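Remarks on the structure that follows.
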Amino acid sequence: MEDSNNITTDKVKEVLNNINFSDVIDKLTSEPNEAANLIGQSAEIMTPEMMEQARKYATGTQGKQIKEEMMRKGLDNKDLKAQMEQQKKLYVEANNKAKGESKKAILITSSKIMKSKDIHVKILKSEAIKIVGSDNVLEMPCSRLAVGPLLNKTIKVWYDPNRKGNNTRASKIVDFKIAGELLIVMEEGDLTENDFKLAEKLLL
């Protein structure tokens, strides 16, 4: 069975193969704002494979046809490109706003290295899945770390309980054996590297 990316790419190929370039240019000419907005948003969801396919079409016969139609219709390529970039910028800003405010968290990597991470509060689980690198992430409180500068703070950690092995630094923080990455979040706001280091030193 084909994976979803291949299926999507095949559909894109089919659409590209059946494009009426005159209609495309008419759309770009008559409604440039709408067309640029659509293209700008599409750029955010295309897979690398789809982008490569689009690049091949753009530099091949189809791309030449589009360019010729644009010249024939008197459409300014530079203006369109600038318009598309502006629409893409607006889309990215709106997308970031939808994610909600961000704050700093601490990641202990599988190689025991501490890193500061910016996470979005509204999509915390999705962020944890991406950062920990597993769909099987588990959230649990970690009052053990609420010491020193983190005293009376609400600390929670995210990790994959099914990973095998032992991350000794992460295990010391939660006080039981875990492997892989450990994401540490403070509910009250930013968890800074300095505050984390001071609290970590106080753990027995």
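The values are calculated or read from the model by the stated rules, or taken from the named source; none is laboratory data. The structure presented is a predicted model; accordingly, all values stated were derived computationally and were not measured. For neighbour counting, all protein chains shown are included, and Cβ atoms are generated from backbone atoms with ideal geometry for every residue, glycine included.
Structure notes:
- Hey, Phe196 aromatic (Phe, Trp, Tyr) and assigned to a loop (DSSP other than H, G, I, E, B) or not: no
- Here is the figure for the range 170-190: residues that are touching a residue at least 40 places away in the same chain (Cβ under 8 Å) and either touching a Leu at 6+ places or on another chain (Cβ under 8 Å) or outside the structural domain of Lys115 (by TED's automatic domain parsing) (or both) total 8.
- Condition met for Leu145 (over 21 Å from Glu101 (Cα atoms) and either free of Cβ contacts under 8 Å to residues at least 60 places away in the same chain or out of contact with any strand residue (DSSP E or B) (no Cβ under 9 Å at 6 or more places or on another chain) (or both)): yes
- Residues that are in contact with a Pro (Cβ under 8 Å, 6 or more places away or on another chain) and assigned to a loop (DSSP other than H, G, I, E, B) were ranked within the range 111-154; the one that is nearest to Glu181 (Cα to Cα) is Asn136.
- One residue alone among Lys125, Lys153 is on the phi < 0 side of the Ramachandran plot, of a type in the set (D, E, K, R) and either surrounded by 13 or more Cβ atoms within 10 Å (Cβ to Cβ) or in contact with a helix residue (DSSP H, G or I) (Cβ under 9 Å, 6 or more places away or on another chain) (or both), and that residue is Lys153.
- Flag if Leu191 is within 14 Å of Ala105 (Cα to Cα), assigned to a loop (DSSP other than H, G, I, E, B), at pLDDT 95 or above and not hydroxyl-bearing (Ser, Thr, Tyr): yes
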